1. Using the structure shown, list the pairs from K203/K384; K213/K233; K286/K399 with a Cα-Cα distance above 26 Å, or answer none.
2. Select from S57, V109, Y75 the residue farthest towards the positive end of the dipole of segment 6-123; place +1 on Cβ of Lys and Arg, -1 on Cβ of Asp and Glu, and compute about the Cα centre.
3. Using Cα pairs under 8 angstrom and six or more residues apart, how large is the relative contact order of segment 160-313, in percent?
4. Can you pick out the pairs among K253/K359; K100/K214; K98/K137 whose Cα atoms lie more than 25 Å from each other?
5. Once you charge only the Cβ atoms, +1 for Lys and Arg and -1 for Asp and Glu, what is the size of the charge dipole of segment 46-183 about its Cα centre, to the nearest 20 debye?
6. With the full set of protein chains in place, find how many percent of the accessible area of segment 272-383 is carbon and sulfur; take the probe as 1.4 Å.
7. Quote to one decimal, in nm, the extra length available between T361 and E44 on full extension: 0.36 nm per residue of separation minus the C-alpha distance between them.
8. Based on DSSP, what percent of beta bridges with both residues in the chain are antiparallel, to the nearest 5?
Amino acid sequence: MDNFVSIGNDLFYVGANDRRIPLFESAYPVPRGVSYNSYLLLDEKTVLFDTVDRAVSEQFFENVERALGGRTLDYLVIHHMEPDHSASFGGIVKRYPKVKIVLNQKTAVMLNNFFGCPLPEIVTVKEGDELDTGKHKFRFVFAPMVHWPEVMLSFDVTTGTLFSADAFGTFGALDGSVFADEVNFEREFLDDARRYYFNIVGKYGAQVQSVLKKAAGLPIKTVCPLHGPIWRKGFDWYLKHYDVWSRYEPEEKGVAVFYASVYGNTANAAQILASALAGKGVNRIKTYDVSYTDLSYCLAEAFRYSHCVFAAPTYNNGVFTSMERLLNDLAAHNYQNRAFALIENGSWAPQANKIMREKLTALKNMREIGGGVTLLSALKEKTKDELFSLADEIATDIKN
Ligand code: FEO
């Protein structure tokens with residue numbers, strides 16, 4: 001049965017939620033599911049903005065058909081070609097064969113590569129082009145690499161509505177309301193929004209900054225992303241987070257302690273350091289075992305805090321595998337601009353600090369605090385003293 005929502009200004013939410021998906025993009029756990037948003041405009045012309053993932057396509061087709069109320073579909077705007085938004089493209093064309101597809105040149109190539117089917121009539125747009133649908137007029141704003149190279153946004157100049165593609169989206173299904181101002185976004189979504197941002201587009205901070213500059217020139221009243229709630233109030237608060245995130249600035253002064261541990265000794269050291277930090281007055285500390293916490297959460301937390309500690313055993317003359325994966329993933333996402341400290345363990349030839357240091361200092365504007373603490377198998381009183389000294393240095397650095 002259909003389940004669409006009128007969101008005002010001739011616009012309808014026709015997307016759907018998937019709470020069965022274990023891994024978004026086969027990579028990121030989404031225990032709270034995810035929404036695939038699509039919007040339908042009923043103006044003199046009818047316009048569908050993006051489609052949805054195959055997993056929820058039946059619900060989506062019912063929503064579109066019922067919301068159209070017997071009218072045909074005149075336009076389908078494709079803002080982003082990734083299949084979580086375009087997989088139902090073929091089903092829409094089959095149902096509405098006269099629909100005109102509004103896209104840009106890069107999208108046309110990708111559409112053919114993905115689906116290779118004969119396309120209906122195409123309207124190719126360039127940056128700044130406009131689509132007039134009667135009462136509404138849509139201006140296209142290109143947003144390459146937010147999240148793929150073909151991404152574009154559209155802005156309804158009549159109502160101030162920005163269709164923002166993946167930008168300003170979040171993991172997490174919509175539990176009822178489709179509006180951010182009708183849920184406690186900070187409590188219910190912000191952690192997932194941060195994890196979504198850094199894992200999906202974290203690498204492309206410069207490109208996000210460029211889109212934010214374009215958006216700053218628009219009189220935005222409502223933001224309709226492709227995942228998560230719609231913003232019609234308080235968007236500036238969320239925009240500030242995007243600005244901080246895409247400038248690679250820490251969101252909070254505090255410490256994320258990441259450790260990998262084979263027999264518990266490195267975990268012991270990391271926990272002692274975390275407790276010592278708390279004793280020194282640091283009140284924003286998060287501690288993660290990177291072998292048991294999914295990488296996507298660790299990545300987001302590393303970007304969240306001003307200071308990070310990495311503690312790992314030496315393994316195969318390198319860094320223990322789960323820590324190595326985290327460090328590689330941080331590098332792949334342009335991690336930068338943070339202070340870090342190191343703890344290693346090595347029963348006969350400790351190597352981990354040297355390798356972790358090389359990986360971290362190869363990134364932009366990374367600063368080490370202390371010279372690294374070394375455990376030889378288990379902790380000794382001397383090592384504990386070194387951890388206390390390191391905690392002191394980190395706490396002092398945070399206060400300054
Ligand atoms: Fe939600 Fe880049 O797709």
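1. Check vs 26 Å cut-off fails for K203/K384.
2. The one lying farthest along the dipole's positive direction is S57.
3. Details: 226 pairs, mean separation 43.2, N = 154.
Result for segment 160-313 is 28 percent.
4. Numbers: K253/K359 23 Å; K100/K214 27 Å; K98/K137 21 Å.
Distance filter (> 25 Å) returns K100/K214.
5. Numbers: 12 positive and 19 negative charges, 115 e Å.
With Lys and Arg at +1 and Asp and Glu at -1, about 560 debye.
6. Numbers: 2350 of 4760 Å².
Of the solvent-accessible surface of segment 272-383, carbon and sulfur hold 49 percent.
7. On the way: separation 317, 0.36 × 317 = 114.12 nm, distance 5.77 nm.
Full extension of this stretch gives 108.4 nm more.
8. Working: 30 of 67 bridges.
For the chain, the DSSP antiparallel bridge percentage is about 45.
The values are calculated or read from the model by the stated rules, or taken from the named source; none is laboratory data. Keep in mind that what you see is a predicted model, and the values were worked out from it rather than measured. Counting neighbours? That spans all protein chains shown, and the Cβs are built from the backbone with ideal geometry, glycine included. Side chains included, ligands, DNA and RNA excluded: accessible areas come from the protein's heavy atoms. Shrake-Rupley method; radii C 1.70, N 1.55, O 1.52, S 1.80 Å.
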